[in-house]
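Visitor: Have a look at the structure that comes next, please.
The values are calculated or read from the model by the stated rules, or taken from the named source; none is laboratory data. Bear in mind that the values here come from a model prediction, so they are computed numbers and not experimental data. Neighbour counts run over all protein chains shown; Cβ positions are idealised from the backbone, glycine included. Heads up: the accessible areas ignore ligands, DNA and RNA and are worked out on the full protein's heavy atoms, side chains in. Shrake-Rupley method; radii C 1.70, N 1.55, O 1.52, S 1.80 Å.
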Amino acid sequence: MARAVRSDLPADVPTDVPNVPTTPDPSAAPPDPATSRWSISAADAARIATFAALTAVLGMPGSLALFGNAVPITLQTLGVMLAGALLGAWRGALAMLTFLALVAAGLPLLSGGRGGPGVFVGPSAGYLIGFVVGAAVVGLIVERFRTLTFWRVLAACVVGGMLVMYALGIPLQALVTGFSLQTVATGSLVYLPGDLLKAVIAASVTVGVVRAYPAASPLRRTEHATERQPAPSPAA
């Protein structure tokens, strides 16, 4: 059957226009959820660099060695807790890796002006590894919550910023120094009051920042990554 042609259009307007499909092409590749979750934007890179710098700044007041302990007390574990709580697991760990890479390159960024490859075979080696793992664990716990409260963030900081740090730091310190594990663990009790105080500060700062600037919450970035995941195709 012949198709009707409109006669009210100007002469220079083509009337034989092919139909353009309006439905999306099913053959188009859906967005990769792994790429959206693990990708790093320019803003993420800036945040990672900021928390690496913050951890370095927290080492400027110096260190305090109590009772002859080979591992000094520093403020830098506060940076570990903040990085995990505000950046999330992946970006928080990457911030700590960036900081440690600068330390390995020889920059005196650790408390007391320490730096260079030698610190990674010294008594503090396990705690330095704990910087990365601890930030990741804090971030993983925080990302599991639907909302952030002081007590939830505090629990995440205690687990990742304290228990994980001790679990990695104490055995390696005992191995390097030659002391028994029990002796090193007993000596590490002096860290507890200061670490608890740092966990409280980290939880307070995190909740305050998220309330004032909700986009800073790692939960928002996790939700956005989830929203970008393609919906499952209906069963045939």
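Visitor: Only one residue in V17, V57, V13, V5 is at pLDDT 90 or above, out of contact with any helix residue (DSSP H, G or I) (no Cβ under 7 Å at 6 or more places or on another chain) and open to solvent by 50 Å² or more (accessible area, probe 1.4 Å), so which one is that? Can you show your working first?
Guide: Working: V17 fails: at pLDDT 90 or above; V13 fails: at pLDDT 90 or above; V5 fails: at pLDDT 90 or above.
The match here is V57.
Visitor: Residue by residue through segment 92-131, note down the ones that are part of a helix (DSSP H, G or I) and open to solvent by 30 Å² or more (accessible area, probe 1.4 Å).
Guide: L94, L97, T98, A101, L102, A104, P117, G118, F120, V121, I129
Visitor: Considering only helices (runs of 4 or more DSSP H) fully contained in segment 134-236, which possess at least 1 residues that are modelled with pLDDT under 95? First the steps, then the outcome.
Guide: On the way: elements: 150-158, 164-177, 181-187, 192-212, 218-227.
Per the criteria, 164-177, 181-187, 192-212, 218-227.
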